[in-house]
Amino acid sequence: MTEKRYWKNSEPYHLVEILIEGDHVIFKDWFDTGKDPNRYDWKFEEILNGSGKSDIEYHLGSGVYLEILAEVKTRLKK
């Protein structure tokens, strides 16, 4: 099975990106493409303890949050 490492929700003038890099989940919230995004960087352990849950669910839904959580758990088992 292929590892998933990127999710996004694109709306006019607003983009939310979530990616997995190393042992971190990175959340980028772009309101203006010419500016730096609001960025959160959570370690896997923080994600397992609920960090980022409300932000991810609000912007991408609970299904995507559960996908990210499952991916984090899979990577921790390796």
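The values are calculated or read from the model by the stated rules, or taken from the named source; none is laboratory data. A quick note: this is a predicted structure, and the numbers were derived from the prediction, not measured. Every residue, glycine as well, gets a Cβ built from its backbone with ideal geometry; the counts of neighbours run over all protein chains shown. Accessible surface areas use protein heavy atoms only, side chains included; no ligands, DNA or RNA. Shrake-Rupley method; radii C 1.70, N 1.55, O 1.52, S 1.80 Å.
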Would you list the P(r) distribution for the stretch 6-77, with all Cα-Cα distances sorted into 5 Å bins from 0 and each bin expressed as a whole %? 4, 17, 30, 26, 13, 7, 3, 0
How much net charge surrounds Val16 when only other residues with a Cβ under 13 Å from its Cβ are counted (Lys, Arg +1; Asp, Glu -1)? -2
Measure nothing fancy, just the Cα-based angle from helix 62-77's long axis to the longest principal axis of the chain, in degrees from 0 to 90, nearest 10. 40 degrees
With a 1.4 Å probe and all protein chains kept in place, how do Asp41, Asp55 rank by accessible area, largest first? Asp41, Asp55
Among all the lysines, which ones have a C-alpha under 26 Å from Lys35's C-alpha, if same-chain residues fewer than 8 places away are not counted? Lys8, Lys43, Lys53
Using the heavy atoms of the protein chains and a 1.4 angstrom probe, tell me the accessible area per residue for the chain in square angstrom. 68 Å²
When only C-alpha pairs under 8 Å and at least 6 residues apart count, what is the relative contact order of the chain, in percent? 20 percent
Portion, in percent, of the accessible area of the stretch 6-77 that falls on carbon or sulfur, probe 1.4 Å: 48 percent
